[in-house]
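The block underneath contains the structure these notes are about, expressed in structure tokens.
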Amino acid sequence: MKLTDAINNLGPDEAIRIAEDIAQELDIDWNNGLCHVFTVIANDIKRAPGNIGGENDNEPAVIKKWLNKYKRGYEGRASQRASNPPGTVSDPIIEKIIGTRLPDLTDADLNKITHAHRLGMSAENILGLILEEYLSDNLEASGWHCAWGETVKAVDFVNEDGRLLQIKNRSNSENSSSSSVRVGTKIEKWYRIKADRVEYMWGALNNVCGTTCLSEEGFVQFVRDTLISNPDCLAVEQENSWDSN
């Protein structure tokens, strides 16, 4: 049984009641945003992730899987996670290509370029998580709650008044599947920075959310605070030539 089937079978009110009971069993604070996030999918099953639920699951079991997904997302937020380094090794031919084009580079230079590239990829991998947590911390007072763990399809934040928001880091980072889900819906969209120039869009988000507190300066400070308090958020390979530790 899939989550959509469970909600259809139970109806919104009963699904919400069961979810609240299971949240208590799992020691998840139902009233700290979770109730609003689950209510979105209970009242509109098109927002429910389609990959939750197995053949032998009944309604409570499927709802429990969704709640655990939300819990893992919350517990794996940037300030708490220990990220893993890239799971692949560098292709040695990349250094040969660069070294042939720029023959004045030494082997040590090329090694630093390789490690800098891998470090940059690791930073990009956590950027979305840091942005999500920054927004969560600053928007909760305005009634916006994060759908941790991608628990609402194509939606990152829900408001207590029913509004939905999808956030992206760059203007070109939305994939076609999330765009197609949003066509004809009331999901609002925001991105932090334009892809073709350095232009930040915090003013637009402040307007959408009814706030004045969001800014690039505030986000940069949040990035620094997060990495200082939790260095393991950014995975650094042991042999990385840029790591002085």
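Residue by residue, here is whether (1) in a helix (DSSP H, G or I); (2) of a type in the set (K, R); (3) outside the structural domain of C146 (by TED's automatic domain parsing) holds:
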| site | (1), (2), (3) |
| --- | --- |
| G33 | yes, no, yes |
| P49 | no, no, yes |
| G53 | no, no, yes |
| K71 | yes, yes, yes |
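For the range 73-111, residues that are touching a residue at least 24 places away in the same chain (Cβ under 8 Å), loosely packed, with under 15 Cβ neighbours inside 10 Å and outside any loop (DSSP other than H, G, I, E, B) total 1.
Check the range 136-144 and report whether any residue there is buried (at least 16 other Cβ atoms within 10 Å of the Cβ), in contact with a strand residue (DSSP E or B) (Cβ under 9 Å, 6 or more places away or on another chain), over 30 Å from C35 (Cβ atoms) and modelled with pLDDT of 95 or more. The answer is no, given that none of the residues of the range 136-144 is buried (at least 16 other Cβ atoms within 10 Å of the Cβ), in contact with a strand residue (DSSP E or B) (Cβ under 9 Å, 6 or more places away or on another chain), over 30 Å from C35 (Cβ atoms) and modelled with pLDDT of 95 or more. Among the numbered conditions (1) under 19 Å from the mean Cα position of the chain (by Cα); (2) over 22 Å from G87 (Cβ atoms), the only one that D232 does not meet is (2). Residues in the range 20-51 that are within 21 Å of the chain's Cα centre (by Cα) and of a type in the set (D, E, K, R) were compared, and the one that is nearest to R163 (Cα to Cα) is R47.
The values are calculated or read from the model by the stated rules, or taken from the named source; none is laboratory data. Since we're looking at a predicted model, the values are computed, not measured. No Cβ is skipped: glycine too gets one built from the backbone with ideal geometry, and neighbour counts run over all protein chains shown.
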